[in-house]
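Take a look at the structure below.
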Amino acid sequence: MTLPVYVQGAWFLGAALFIFGLKGMSSPASARKGIVVAGYGMLVAIAATFLIPGLQNLALMALALALGGSAAWISGKKVKMTDMPQMVAIYNGMGGGAAAAIAAIEFAKGDAHSLATTVLAVIGALIGAVSFTGSCVAWAKLQGVLKKAHRLPAQNAVNVVLALIAIGLGGAMVLMAPAQPELIFGFFAVALVLGLIVTLPIGGADMPVVISLFNAFTGLAVGFEGYVLGNPALIIAGIVVGAAGTLLTQLMAKAMNRPISNILFTPMVASGPGEAISGSMKELSALDAAAMMRYASKVIIVPGYGMAVAHAQHKVWEMTSILEEAGVEVKFAIHPVAGRMPGHMNVLLAEAGVPYDKIFDLDEVNGEFGQADVALIIGANDVVNPSARTDKASPIYGMPILNADQAQNVIVIKRGKGTGYSGVENALFYTDNCRMLYGDAQPMAGEIIQHLKAMG
Amino acid sequence: MDGLLALYIFMLAAFTGYEIIAKVPVILHTPLMSGSNFIHGVVVVGAMLMLGTADTPVQQAIGFFAVALGAANAAGGYVVTERMLAMFKKKEG
């Protein structure tokens, strides 16, 4: 099909706007403008597609756009900031599903294609389908629908066999093109199951990396299907996202000190009994915590998933403001994988109104814990566990951590005595300079605020 | 499309994506993941092309499904990214 020049031009403009938008999003000051620019790119690309002469099913198309678009628009408006990771996962999965479906229609039509086109269609279909079901599992886990990591016996063998079957069926589709409907159906069934099986055993702590990986997958799938359709806008958008997502995944995996292969194929377990932890956990009252921080000169706050679950970010910022008015220097220290998505904590703090120049990365702030009077840890656990530095047998050994243990005093707000997401005991909680404040982060911060106000 | 030309596009696009992300501060990782998620929502254009040329009811059904999914990817990705980025500001105000 030869396309009119205004359609091609509009797609070109769309692709250019995507790149400008993404570039804008890479700096906090221009980020908002970036997404709006990319949004115009999308509108232009979609509108131009409607103008292609000879397209059928236009009413169906409009209906599908309205249904899918409005459902996602409304759910996206409603979702709480805390639940953002799983929303990103599910929208991403839908993109993967769409890419796989495009390939399915292409195969069903059975038009003759060059070898390269068929191969790319099959690869795009495979990774799109895996991203679709895998992202659905990731959503279910983060949403709490699926509570546990399910591991099959010989999980890795099952993964490999399924992957080989999927590749085998894909290969058959290339060789026998145009493929029989049974073969097409079998290929998609296996690919969809593969996404499920691969993702089910992965624990919640690793989900950020997995979501990012599936994001890259969907990007690649879209890029490959773009080639099949002969649409450069899809190729550019898909491959740019594929490359960016791959890099982003690597950055995250590096922050956790776990190679991606490790995250996908190895359960997080201790490689030995681990070093014995001596000492005991010592409790503290909200009043003492308030006094400790009120008369400190420097406080570093380390937020974690516990703050997110408790929706405590607004209270935490209120507390911070009171402390700052009293002349205390307060900084926020964010571990790259705190929460359930990289930068998850930054988003929550930004929601509460914390200016981003008070928020510091691991590398920027780690040297400052030594000069801090108080490190306040709110619902974070593994990211401040000193075992990661010292205990070779620990499953999180080698992960860069925030050196909260080097502060004069450590206060930990925590719901109970349990372990973190990795299931590892935290040696920090047993040290002499550490005090525990048991309770939900929001009421606890509220109590501290009351005491701070009483102190004036 | 010309196979070799497509290969050039692949190469340049991959390089572009890599370069744009390489210098991004950690605080933007989540919105950026979400933003790039939005951008691959352009798959909806491909889905529209397929639905627009679907011949059989089965193809129409899959095409309808594809367009709805792609539209959800684009719309949802846009809304959540915009909401997150709207919160980033330097000072209170």
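The values are calculated or read from the model by the stated rules, or taken from the named source; none is laboratory data. Everything numeric here is computed off the predicted structure, so don't read it as measured data. With ideal geometry, Cβ positions are generated from the backbone for all residues, glycine too; neighbour counts draw on all protein chains shown.
Side notes on the structure shown:
- Residue list for segment A:10-56, filter: more than 8 Å from every other protein chain (Cβ to nearest Cβ), under 14 Å from B:ALA74 (Cα atoms) and not small (Gly, Ala, Ser): A:VAL37, A:TYR40, A:LEU43, A:VAL44
- Filter result for the condition that a residue is buried (at least 24 other Cβ atoms within 10 Å of the Cβ) and either more than 9 Å from every other protein chain (Cβ to nearest Cβ) or under 22 Å from the mean Cα position of the chain (by Cα) (or both), over A:GLY128, A:GLY110: A:GLY128
- Residue identified as assigned to a helix (DSSP H, G or I) and either more than 7 Å from chain A (Cβ to nearest Cβ) or surrounded by fewer than 24 Cβ atoms within 10 Å (Cβ to Cβ) (or both) among B:VAL58, B:VAL45: B:VAL58
- Restricting attention to segment A:29-73 and to residues that are surrounded by fewer than 16 Cβ atoms within 10 Å (Cβ to Cβ) and within 15 Å of B:VAL43 (Cα to Cα), the residue that is nearest to the chain's Cα centre (by Cα) turns out to be A:LEU43.
- Any hit, segment A:184-196, residues being more than 29 Å from the chain's Cα centre (by Cα), more than 30 Å from A:THR2 (Cβ to Cβ) and surrounded by fewer than 24 Cβ atoms within 10 Å (Cβ to Cβ): yes
- Any hit, segment A:96-115, residues being closer than 17 Å to B:TYR78 by Cβ and outside the structural domain of A:PHE18 (by TED's automatic domain parsing): yes
- Selected residue [at pLDDT 90 or above and assigned by TED's automatic domain parsing to the domain that holds A:ALA121] from A:ALA179, A:ALA216: A:ALA216
- Residue within segment A:266-284 that is at pLDDT 70 or above and under 30 Å from B:GLU19 (Cα atoms) present: no
- Residue list for segment B:60-79, restricted to those being in contact with a Lys or Arg (Cβ under 9 Å, 6 or more places away or on another chain) and under 22 Å from A:THR133 (Cβ atoms): none
- Residue match in segment A:363-371 (condition: out of contact with any Lys or Arg (no Cβ under 7 Å at 6 or more places or on another chain) and aliphatic (A, V, I, L, M)): no
- Some residue of segment B:18-34 being part of a helix (DSSP H, G or I) and more than 7 Å from chain A (Cβ to nearest Cβ): yes
- The criterion of being under 27 Å from B:PRO25 (Cβ atoms), touching a residue at least 12 places away in the same chain (Cβ under 8 Å) and among the basic types (Lys, Arg) does not hold for A:ARG415.
- Note on segment B:1-16: among residues that are assigned to a helix (DSSP H, G or I) and modelled with pLDDT under 90, the one that is surrounded by the most Cβ atoms within 10 Å (Cβ to Cβ) is B:ALA6.
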